[in-house]
Number of protein chains: 2
Amino acid sequence: MEPTRNDIEAAAGRIGAHVRRTPVLRLAAGELGFDRPITLKLELLQHAGSFKPRGAFNRILAAMAGAGLPAAGVIAASGGNHGAAVAYAAQRLGLAAEIFVPELTPVAKRARIADFGARLVAGGATYAEALAASRARAAETGALEVHAYDHPAVLAGQGTLARELQAQAPELTHVLVATGGGGLIGGMAAWYRGDAALISVEPEGCPALHDALAAGRPVAAAVGGIAADALGARQVGALMFPLAQAHVAAAILVPDAAIRAAQLVLWQKLRLIAEPGGATALAALLCGAWVPPAAAQIGVVLCGANTDPTGMQT
Amino acid sequence: MEPTRNDIEAAAGRIGAHVRRTPVLRLAAGELGFDRPITLKLELLQHAGSFKPRGAFNRILAAMAGAGLPAAGVIAASGGNHGAAVAYAAQRLGLAAEIFVPELTPVAKRARIADFGARLVAGGATYAEALAASRARAAETGALEVHAYDHPAVLAGQGTLARELQAQAPELTHVLVATGGGGLIGGMAAWYRGDAALISVEPEGCPALHDALAAGRPVAAAVGGIAADALGARQVGALMFPLAQAHVAAAILVPDAAIRAAQLVLWQKLRLIAEPGGATALAALLCGAWVPPAAAQIGVVLCGANTDPTGMQT
């Protein structure tokens, strides 16, 4: 069931008219206070403010091309970014959408979901509760579930980011990616398959992949800290886990203070706004939690910007 | 005295290690509420938050390679972005810098100048007064004046943006550029020389190039509105004016409300923070003040982001 490169090629063709090819920015050694060159993938410029439309469009368009969509449209549970992406995709494709969010979903993400015309539903205290509530609702309405990460079409869609990045920066040997439920890093692993080593970065408060790799299977982990709305899946997806075991070279944890520092550096030095989850991968480099090998060509995915920029100052 | 393409090539070589090659982002028809594709040049990701380091580095490095720099270092007058760029360049090159700013320079720009280690000096009510004060001071200290726009090396440095953009997006037939004193559009005209038509965009409150082209010579114009700190030169430079007469296809004026709307769209749809002057060129497209010909391939330079992002919301 894990996606192949062919699946990702097919996804890229399917979603090409609906997602942005986001640019890369090459930084020289010394920029951002880091002593090596870094290539940033500016995926925070994607539609709906995160990488999530890649998987959402691929899941929905593949279903439309197959059995077709139910009259009730689509339904999803999300900490916010996936919900905004599903709402955006539904709006573009003329579909009804219901999005279940937990209490920790911030105002900026709730507003995006509602602005895209979806029905926003309070779905309990945690993402897991929101998912259960959305599934109960889907059983009533028949709507198509668009899972936030644990579905082959979602993984293949997120994998298009790796396909695009490899074309833009074929020299990269190591790519740092923030991990929540593992849809992005799993999809990227299904593309790179070792062509570049993937470095997973999680907040100390959300160590789902770190703990799963240590245990040898997906296990329930803590959900807390400033990036929990984006990276706070309690447990990584079953589909991504073998890909992570095969192709994730390290699973790094960073403190919230390092994430906040990375957000501030991105604003001060680059005039980019990243949400905490969007700055988490960079944080591992800047705080020294991950030290690249001497010959590494380093890429970092900046994956989300759905946050209130108030508080960013020069 | 106007720069040639060879001068711009030389500038690109001189400053290449000090400025970022900023990426372009291609938007499909319909994005940002505009019915045609647009290629955005993301120059707001440049060092110090605007295009200005291109000209500042070229001016200073050319002087260093020639007669050398005085012990007093460099001095400039600026509404803010040029001052931040000169301060940044001076810090990188180990030089002393004094920056004279008028009263309207916003806090975000004053902070950048000071953070880069320059001496920040209150220079009167307007840019013209700050320039006069900086010249009086330079006569005392012997520091090298780095003019904000009216110097051949500054024009050639800004022209490197056009050289870079043409390489990234050779298909463009029309490029929209915000105009203040005219250093950027003048330098770009010296590169493009008609290969792409340049569309100048100014706020209604700062019509210096619009009025100069109407009068057939640089004339004093009003200075007001929300972009005055960036685009509020009272009069365009003498060096750029013949280039504008030859190569600027239209001089468009936009109301402040259109500039503010363009800033909000950039945040809502792209998660980019632009200052008013940085969103002015885009405003001309979005508000309909400039209507492209049917076959036009449209580029827009987003040229600055030195603003407080508070107030941007989903």
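The values are calculated or read from the model by the stated rules, or taken from the named source; none is laboratory data. Because the structure is a prediction, the values reported are computed rather than measured. Cβ atoms come from the backbone with ideal geometry, glycine included; neighbour counts cover every protein chain shown. Each accessible area value is taken on the protein alone, full model and side chains, heavy atoms only, with ligands, DNA and RNA left out. Shrake-Rupley method; radii C 1.70, N 1.55, O 1.52, S 1.80 Å.
One equal scatterer on each Cα of chain B, no solvent, Debye formula: the resulting log10 I(q)/I(0) at q = 0.07, 0.12, 0.14 Å⁻¹ is -0.23, -0.70, -0.98.
Most simply put, chain B has about 15% antiparallel DSSP beta bridges, counting only bridges with both residues inside it. Considering only A:209, A:184, A:243, the Gaussian network model of chain A with Cα springs below 10 Å gives its largest mean-square fluctuation to A:243. Other protein chain C-beta atoms within 10 Å of residue C-beta, averaged over A:37-47: 2.
Could you name the lysines whose alpha carbon sits less than 25 Å from that of residue A:109, not counting residues in the same chain fewer than 8 places away? Partners within reach: A:41, A:52, B:269. Within the protein assembly as shown, antiparallel bridges make up roughly 15 percent of the DSSP beta bridges whose residues both belong there. For chain A, the longest principal axis of the alpha carbon atoms and the long axis of helix A:81-93 meet at an angle near 50°.
Classify segment A:1-113 as rounded, prolate or oblate, taking a ≥ b ≥ c as the square roots of the eigenvalues of its Cα gyration tensor: rounded when a/c is under 1.5, otherwise prolate if a/b is larger than b/c and oblate if not.
It is oblate, given that a/c is not under 1.5 and a/b is not larger than b/c.
Of the whole protein surface, residue B:100 contributes about 10 Å² of accessible area at a 1.4 Å probe radius.
What full-extension length gain, to one decimal in nm, is calculated for residue B:122 and residue B:249 as 0.36 nm per residue of separation minus the Cα-Cα distance? Spell out each step's value before the answer.
On the way: separation 127, 0.36 × 127 = 45.72 nm, distance 3.72 nm.
Here the answer is 42.0 nm.
Counting only alpha carbon atoms, the long axis of helix A:53-65 and the longest principal axis of chain A meet at about 30°. Which log10 I(q)/I(0) values, to two decimals, does segment A:170-232 give at q = 0.18, 0.20, 0.29 Å⁻¹ under the Debye formula with one point per Cα? Here log10 of I(q) over I(0) equals -0.65, -0.77, -1.22. Its relative contact order, with pairs defined as Cα atoms under 8 Å and 6+ residues apart, puts segment A:53-145 at 32 percent. Take the alpha carbon atoms of segment B:6-58, find their center, do the same for segment B:103-176, and report the distance between the two centers in whole angstrom. One Cα centre to the other: 16 Å.
The antiparallel fraction among DSSP beta bridges confined to segment A:1-149 stands at about 30%. Take residue A:238, push a point 7 Å out from Cα through the beta-carbon direction, and compare it with the same point in every other copy: 7.9 nm, smallest first. With the Cα gyration tensor of segment B:53-145 giving a ≥ b ≥ c as the square roots of its eigenvalues, does the rule (a/c under 1.5 for rounded; else a/b larger than b/c for prolate; else oblate) give rounded, prolate or oblate? Oblate shape, in that a/c is at least 1.5 and b/c is the bigger or equal ratio.
Averaged over peptide A:248-259, the number of partner chain Cβ atoms lying within 10 Å of each residue's Cβ comes to 0.
Both radii come from the Cα set of the protein assembly as shown: Rg as radius of gyration, Rh as Kirkwood radius; their ratio Rg/Rh reads 1.00.
Just how much of residue A:95 is accessible, in Å², when a 1.4 Å probe is used and the result is rounded to the nearest 10? It works out to around 40 Å². Once a ≥ b ≥ c are taken as the square roots of the eigenvalues of the Cα gyration tensor of segment B:120-178, is the result rounded (a/c under 1.5), prolate (a/b larger than b/c) or oblate (a/b not larger than b/c)? Prolate is the answer for segment B:120-178, as a/c is 1.5 or above and a/b outweighs b/c. The angle separating the long axis of helix B:5-15 from the principal Cα axis of greatest extent in chain B is about 60 degrees.
Averaged over peptide B:105-116, the number of partner chain Cβ atoms lying within 10 Å of each residue's Cβ comes to 1.
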